[in-house]
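A.B. asks: The structure follows.
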There are 2 protein chains.
Amino acid sequence: MAKTIQFWFEFASTYSYLSAMRIEAAAQDKGVAIEWHPFLLGPIFADQGWHTSPFNLYPAKGRYMWRDMERLCKARGLPFAKPDPFPQNSLRAARLVLAIEDHRERAAFVRAVFSAEFGAGQNISEDSVLASCLDEAGVHSGVMNRAGDPDIKQALFEQSARANALGLFGAPSFLAGEELFWGDDRLDDALEYASTI
Amino acid sequence: MAKTIQFWFEFASTYSYLSAMRIEAAAQDKGVAIEWHPFLLGPIFADQGWHTSPFNLYPAKGRYMWRDMERLCKARGLPFAKPDPFPQNSLRAARLVLAIEDHRERAAFVRAVFSAEFGAGQNISEDSVLASCLDEAGVHSGVMNRAGDPDIKQALFEQSARANALGLFGAPSFLAGEELFWGDDRLDDALEYASTI
């Protein structure tokens, strides 16, 4: 079996941006293939009584997170802007990922969306922004119409149900074999583990 | 001014154990002095409506944390046991830290308490356990009687108030100049920053 890591990301998640921008190079170094898994944290958070991001619910944690992101992006040479509103509505972007069949295009689209959102502070619920991201990723613009198709809606629903069943509680999360790793801070450990199983 | 880092820890915090066991060697490598700052997370959590550890309130996060700790301790050659109950009542241990005036003894006692709790699964609210920790750290056993003194109680109260004023929301936290770093995952960044200011 090929060495594989499942990368579970939520477009509304700041730390998912960090992982999305570096996972491909890091996984290649380890000879590990990536499965890109968009999901929605909203339903998982709602189950525990949270109706917005914990970074909004707990202001001290939120203030820290923005400063931490600012420092980390600077250290990694990544542009960083706080999108307004935060968190963004990530539903349509997540559906579009599932509508893109080509693996390379899918990865490029994910990076384009995260860059638009957290690199340029754009609103990723807007069709014009998503259209630019598809274009940047070299995806045929016809994919835009697929976002509303019942099978794509169902596919994202199933992704989020799987995330819940896997015990995911935040993003980014990485699954290697049976081992779950949470947070951009665990990406290297997750890849190391994936490369040994 | 000497290069200094403030290490804010809570004895009930699992990840504080990880930092307590490595901060001295890591700080020495960077030429940074450590201020050991015990505080209580209970009042900070209570202010946001939490009356136990978030790892108990959010079971998926809790399950993950125990597995993550198990993996990290194994990788670092640290013993690991889950104390019962969790979280432990850390009040008396935290007061004892403030009653120890010698810096080296203070650090040794902090390590002894964390090791008893998360290395051996002992109950750190028990006087017999704390007495062993004082002994192991080479602290005069008379310090035990200081834990209930009004000035020590007041000192811990003030520590927790300062933690709150600094915007601390979890442990371990590190303060270097004006920069706050949260979590054992940020210890190296915090020390690196402390060494440059």
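Here, each number is a calculation from the coordinates, and none is a lab measurement. Everything numeric in this text was worked out from a predicted model, so none of it was measured. Please note: Cβ atoms are built from the backbone with ideal geometry, for glycine as well, and neighbour counts cover all protein chains shown.
A.B. asks: Using +1 on the beta carbon of Lys and Arg, -1 on that of Asp and Glu, and nothing else charged, what's the dipole of the protein assembly as shown about the Cα centre, debye to 20? Intermediate results must be reported in sequence, preceding the final value.
C.D. replies: Values: 38 positive and 52 negative charges, 20 e Å.
For this selection, approximately 100 debye.
A.B. asks: Using Cα springs under 10 Å in a Gaussian network model of chain B, which residue among B:110, B:97, B:143 shows the largest mean-square fluctuation?
C.D. replies: Among B:110, B:97, B:143, the largest mean-square fluctuation in the Gaussian network model of chain B belongs to B:143.
A.B. asks: May I ask which residue of chain A has the beta-carbon nearest to the axis carrying chain A onto chain B, and at what distance in whole Å?
C.D. replies: A:185, 2
A.B. asks: Which whole-number percent gives the relative contact order of chain B, counting Cα pairs below 8 Å spaced six or more residues apart? Please list the in-between numbers first.
C.D. replies: Numbers: 294 pairs, mean separation 63.8, N = 197.
Relative contact order of chain B: 32 percent.
A.B. asks: I would also like to ask the following. Which lysines does residue A:74 reach when only Cα atoms under 19 Å apart count, and residues fewer than 8 places away in its own chain are ignored?
C.D. replies: A:82
A.B. asks: What order do you get for B:63, B:95, A:104 when you list them from fewest to most C-beta neighbours inside 10 Å?
C.D. replies: A:104, B:63, B:95
A.B. asks: For the stretch B:106-149 and the stretch A:136-180, what is the centre-to-centre distance using only Cα atoms, to the nearest Å?
C.D. replies: So the separation of the two Cα centres works out to 49 Å.
A.B. asks: Which of B:94, B:165, B:12 moves most in a GNM of chain B, Cα contacts under 10 Å?
C.D. replies: Evaluated over chain B, the most mobile residue of the options is B:165.
A.B. asks: In deg cm²/dmol, rounded to 500, what helix-only [θ] at 222 nm does chain A give when every DSSP H run of at least 4 residues adds -39500 (n - 2.57) and the total is split over its residues? Each step should come with its number before you reach the end.
C.D. replies: On the way: 9 runs with 100 residues, N = 197.
Theoretical 222 nm ellipticity from helices: -15500 deg cm²/dmol.
A.B. asks: List, in order, the whole-Hz ³J(HN,Hα) value for each residue of the stretch A:78-87 obtained from phi through the Karplus relation with A = 6.51, B = -1.76, C = 1.60 and θ = phi - 60°; use x for Gly and Pro.
C.D. replies: Once θ is set to phi - 60°, the couplings for the stretch A:78-87 become 9, x, 8, 9, 7, x, 10, x, 10, x Hz.
A.B. asks: Shifting gears a bit: Helix hunt in chain A: which complete DSSP H runs extend at least 20 Å axially by C-alpha with mean Kyte-Doolittle at least -1.0?
C.D. replies: Working: long enough: A:14-30 (24 Å, -0.38); A:59-76 (25 Å, -1.29); A:150-165 (22 Å, -0.62).
Within chain A the helices that satisfy the rule are A:14-30, A:150-165.
A.B. asks: In square nanometres and to one decimal, what's the mean projected area of the convex hull around the Cα atoms of the protein assembly as shown?
C.D. replies: Averaged projected area of the protein assembly as shown's Cα convex hull equals 20.1 nm².
A.B. asks: Taking amide H positions as placed in the peptide plane 1.01 Å from N, state which residues far from residue B:121 in sequence (5 or more) or on other chains have amide H under 5 Å from it.
C.D. replies: B:81
A.B. asks: While we're on this one: Springs between alpha-carbon atoms under 10 Å, Gaussian network over chain A: tell me which of A:149, A:47, A:102 tops the mean-square fluctuations.
C.D. replies: Fluctuation is largest for A:47.
A.B. asks: Right, here's the next one. Amide H to amide H under 5 Å from residue B:34: which residues, 5+ apart in sequence or cross-chain, H placed 1.01 Å off N in plane?
C.D. replies: B:5
A.B. asks: Could you put B:14, A:196 in order, starting from the residue whose Cβ has the fewest other Cβ atoms within 10 Å? Before the final figure, lay out the partial values.
C.D. replies: Values: B:14 25, A:196 10.
If I rank by nearby Cβ atoms, fewest first, I get A:196, B:14.
A.B. asks: Now, a different point. Residue A:61: which aspartates and glutamates have alpha carbons under 15 Å from its alpha carbon, excluding same-chain residues fewer than 8 sequence positions away?
C.D. replies: The reachable aspartates and glutamates, counting only those whose Cα sits under 15 Å from residue A:61, are A:70, B:47, B:179.
A.B. asks: Once Lys and Arg get +1 and Asp and Glu get -1 on their Cβ, which of A:69, A:114, A:160 lies farthest toward the positive end of the dipole of the stretch A:52-167?
C.D. replies: A:69
A.B. asks: Just going by the charge dipole of the stretch B:1-108, with Lys and Arg at +1 and Asp and Glu at -1 on Cβ, which of B:56, B:25, B:40 is farthest out on the positive end?
C.D. replies: B:56
A.B. asks: Report, for residue B:121, each distance to the same residue's label point in the other copies, shortest first and in nm; define the point 7 Å along Cα→Cβ.
C.D. replies: 5.3
A.B. asks: What are the label-to-label distances in nm, one decimal and shortest first, from residue B:196 to the same spot in the other copies, with labels 7 Å along Cα to Cβ?
C.D. replies: Between copies, matching label points for residue B:196 lie 3.2 nm apart.
A.B. asks: Using the Cα centre of chain A as the reference point, and only Cβ charges (+1 on K/R, -1 on D/E), how large is the resulting charge dipole? Debye, rounded to the nearest 20.
C.D. replies: Working: 19 positive and 26 negative charges, 93 e Å.
Here chain A has a charge dipole of around 440 debye.
A.B. asks: Let me ask you something else. Could you please rank A:44, B:23, placing first whichever residue has the fewest other Cβ atoms within 10 Å of its Cβ? Walk me through the numbers before you get to the answer.
C.D. replies: Details: A:44 20, B:23 26.
Lowest count first: A:44, B:23.
A.B. asks: Mind checking the dipole of the stretch A:107-197: about its Cα centre, +1 per Lys or Arg Cβ, -1 per Asp or Glu Cβ, Debye to the nearest 20? All intermediate terms of the calculation are to be shown ahead of the outcome.
C.D. replies: Values: 5 positive and 15 negative charges, 51 e Å.
Computed about the Cα centre, the dipole is about 240 debye.
A.B. asks: Could you tell me what percent of the DSSP beta bridges with both partners in the stretch A:4-194 are antiparallel, to the nearest 5?
C.D. replies: Details: 7 of 13 bridges.
If we restrict to bridges inside the stretch A:4-194, about 55 percent are antiparallel.
A.B. asks: Quick one: give the max-minus-min coordinate of the C-alpha atoms of the stretch B:4-194 along each principal axis, largest first, in Å.
C.D. replies: 41, 37, 36
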